[in-house]
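Working notes, beginning with the structure itself.
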Protein chains: 2
Amino acid sequence: MENHNCINCSFKSSAAKTLSKEEFKVIENNSALVFFKKGDIIFKQGALSTNVAYLRTGIVKIHKRGPSREKILRISKSPSYFGIPTTFGNKINQYSATALEDSSVCFIDSNLFQNFIFKNGEFAYKLIVELCENELNDYERYANQSQKQVPGIVAETLICMADKIFNTDRFNFPLTQSELADLVGTSRESISRVLSDFSSNKIIEFNGKEIHILKRDILEQISEKG
Amino acid sequence: MENHNCINCSFKSSAAKTLSKEEFKVIENNSALVFFKKGDIIFKQGALSTNVAYLRTGIVKIHKRGPSREKILRISKSPSYFGIPTTFGNKINQYSATALEDSSVCFIDSNLFQNFIFKNGEFAYKLIVELCENELNDYERYANQSQKQVPGIVAETLICMADKIFNTDRFNFPLTQSELADLVGTSRESISRVLSDFSSNKIIEFNGKEIHILKRDILEQISEKG
DNA sequence: TATAAAGTGTGATTAATATCACATAATCTA
DNA sequence: TAGATTATGTGATATTAATCACACTTTATA
């Protein structure tokens with residue numbers, strides 16, 4: 001559970017490392033590397049999906065239309081696969097992916113990918129392990145968030161971002177407050193109030209885009225209390 | 001996405017079918033079939049996990065301690081695997097499983113299981129597909145529930161149970177109201193009130209344990225509205 | 001079968017947060 | 001750089017559902 005690099009965790013590229021150089025070349029030669037600007041849609045819910053997406057550089061959000069609004073399911077930073085469930089689980093994308101920073105994505109043909117799974121047991125096994133870790137992580141967040149109040153979830157999210165995406169307590173926040181609301185499942189206004197509150201209590205510092213966690217212990221306390 | 005047989009969907013045994021008779025015998029001979037009574041704990045969060053659990057008969061709940069209460073992550077009916085993520089994702093169980101009805105579970109040694117993945121690409125591939133479907137289903141429920149109010153989630157849950165577990169609109173409800181509260185993420189009292197309300201409006205009929213969906217269209221409407 | 005334990009129903013109250021309304025600030029874009 | 005668009009801050013109000021309290025009912029168990 002240590003290799004994760006996103007909120008609610010996409011899996012890392014460790015599976016890919018089990019391929020030999022030759023095998024990896026086959027993948028490289030048969031896949032398109034595409035660059036996306038911040039804000040660009042990488043793939044869209046409802047569209048046909050025939051490729052596995054592998055994030056080489058950048059940060060993306062995985063999101064899905066809910067009954068009344070958009071829900072951000074996870075945020076994933078490179079390197080990670082992020083299109084496997086939607087490609088192998090269904091012919092039609094069940095969620096969208098959008099670049100939060102300039103990003104590059106390798107689209108691997110799903111038949112090619114399937115071939116490697118068939119032929120390379122170790123590769124398949126690592127994929128399975130990573131999908132499992134992913135699921136455990138979903139469960140963790142799912143169990144937490146349904147029992148916490150807004151300040152607790154926001155605190156948890158900030159800590160998680162610092163630890164799993166940026167590896168520092170000071171970073172440029174990749175989301176608007178509306179998006180953060182869609183991630184934690186609350187309203188934009190509530191986010192604004194919670195952040196103001198954290199800020200006026202000197203728990204965090206933020207000016208527009210940059211977040212600086214000043215009192216991590218208190219933030220953790222708020223997160224644990226709910 | 002059609003093969004599912006649980007709420008928020010565990011995967012079916014289709015992967016196992018790709019094994020030859022001989023291969024399947026090896027698994028059968030090296031795994032223990034254990035019977036559980038309603039209410040028995042099958043495995044427990046925090047315990048060491050060295051087996052993959054395959055539900056042969058019965059219904060189980062997968063649950064996890066949250067910060068303030070228990071959260072039911074999914075309900076799974078046979079036939080299905082339900083211990084893969086916790087076995088391959090971590091050495092320690094990240095969630096518990098408890099029998100909701102008398103059940104029988106086949107515990108397959110994880111090394112043996114891993115062996116089959118290594119050797120049988122088709123088996124591995126089907127497992128991957130099913131894990132992916134699982135994840136998409138989690139996403140679906142996750143996106144829905146965070147945006148619906150209690151009556152909407154309860155309506156959705158009842159419909160889902162009727163369709164995916166019992167295949168009929170009249171069934172013995174496998175959960176207490178407290179458990180249903182832990183599943184949908186609300187309080188026991190709210191569940192009681194919502195069910196009373198549905199009942200007095202003749203949308204459902206229920207006497208203790210038996211649920212009968214009388215007006216499915218209205219229930220669906222409530223579910224969609226939120 | 002008596003007694004305990006677990007589960008359920010329902011009113012009153014409280015608390016959290018959604019919603020509405022609008023002001024202000026930042027940022028795109030022609 | 002002007003004007004438009006998008007993002008944010010904040011008060012007032014409404015609403016949903018949590019919590020508390022307790023009666024009642026069903027189910028276990030000695």
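Enter the buried accessible area of the A/B pair, total of both sides, probe 1.4 Å, in Å² rounded to the nearest 100. Heavy-atom accessible area buried at this interface is about 4300 Å². What does the C-alpha gyration tensor say about the overall shape of the protein assembly as shown? Classify as rounded when a/c is under 1.5, otherwise prolate if a/b is larger than b/c, or oblate. Taking the square roots of the gyration eigenvalues as a ≥ b ≥ c, the protein assembly as shown is oblate. Close amide H pairs (under 5 Å, H built 1.01 Å from N) link A:Ile42 with A:Ala97, A:Thr98, A:Ala99, residues at least 5 positions away or on another chain. Rolling a 1.4 Å probe over the protein chains gives A:Asp217 an accessible area of about 100 Å².
Using a 7 Å projection from Cα along Cα-to-Cβ, the label point at A:Ile92 is separated from the same position in the remaining copies by 4.2 nm, smallest value first. A Förster distance of 56 Å, applied to the separation of the beta-carbon atoms of A:Lys119 and A:Ser192, puts the FRET efficiency at 0.60. Distance between the pseudo-spin-label points of A:Asp163 and B:Val34 (7 Å out from Cα toward the beta carbon): 3.1 nm. Distances from B:Glu122 to itself in the other copies, using label points 7 Å out along the Cα-Cβ axis, amount to 2.5 nm in increasing order. Once you reduce the stretch A:119-147 and the stretch B:95-168 to the center of their Cα atoms, the two points are 13 Å from each other. With θ taken as phi - 60° and the coefficients 6.51, -1.76 and 1.60, list the Karplus ³J(HN,Hα) couplings across the stretch B:132-143 in order, rounded to whole Hz; mark glycine and proline as x. My calculation for the stretch B:132-143 gives 5, 4, 3, 5, 4, 5, 4, 4, 4, 5, 4, 5 Hz in order.
Residues in the stretch B:97-111 carry Karplus couplings, in order, of 10, 9, 6, 8, 9, 3, 9, 10, 10, 9, 9, 9, 4, 5, 5 Hz; the curve used is 6.51 cos²θ - 1.76 cosθ + 1.60 with θ = phi - 60°, and Gly or Pro positions show x. Residues whose amide H lies under 5 Å from that of B:Thr57, counting only those 5 or more places away or on a different chain, are B:Ser104; hydrogens are built 1.01 Å from N in the peptide plane. Given a 10 angstrom Cα cut-off, can you work out which residue in A:Ile117, A:Ile62, A:Ile191 is the most mobile in a GNM of chain A? So, out of A:Ile117, A:Ile62, A:Ile191, the one fluctuating most is A:Ile117. Excluding same-chain neighbours fewer than eight residues apart, the aspartates and glutamates reachable from B:Lys202 by a Cα-Cα span under 15 Å are B:Asp169, B:Glu210, B:Asp217, B:Glu220. Under 24 Å of direct C-alpha separation, and excluding same-chain neighbours fewer than eight residues apart, A:Lys91 reaches these lysines: A:Lys12, A:Lys44, A:Lys61, A:Lys64, A:Lys71, A:Lys119, A:Lys126, B:Lys12, B:Lys17, B:Lys126, B:Lys164.
Phi angles across the stretch A:24-33 convert, under the Karplus curve 6.51 cos²θ - 1.76 cosθ + 1.60 with θ = phi - 60°, into 3J(HN,Hα) values of 5, 5, 4, 5, 4, 6, 10, 9, 9, 9 Hz, Gly and Pro given as x. Across the identical copies, the 7 Å label point of B:Glu205, projected outward along Cα→Cβ, sits 6.8 nm from its counterparts, in ascending order. With a Förster radius of 51 Å applied to the beta-carbon distance between B:Glu220 and A:Lys225, the computed FRET efficiency rounds to 0.85. For A:Gly83, the residues 5 or more places off, or on other chains, whose built amide H falls under 5 Å of its own are A:Ala53.
With kT/(6 pi eta Rh) evaluated at 37 °C and eta = 0.692 mPa s, and Rh the Kirkwood radius from Cα pairs, chain A diffuses with a coefficient of 179 µm²/s according to Stokes-Einstein. Cβ-Cβ distance of B:Gln177 and A:Ala47, R₀ of 41 Å, FRET efficiency by 1/(1 + (r/R0)^6): the value works out to about 0.50. Within the shell defined by Cβ-Cβ distances under 14 Å, the residues around A:Glu205 carry a net charge of +2, with Lys and Arg each +1 and Asp and Glu each -1.
The values are calculated or read from the model by the stated rules, or taken from the named source; none is laboratory data. Fair warning: this is a prediction, and the values are worked out from it, not measured in the lab. Note: ideal-geometry Cβ built from the backbone for every residue, glycine included; neighbour counts use all protein chains shown. Just so you know, the surface numbers come from the protein's heavy atoms only, side chains and all, with ligands and any DNA or RNA stripped out. Shrake-Rupley method; radii C 1.70, N 1.55, O 1.52, S 1.80 Å.
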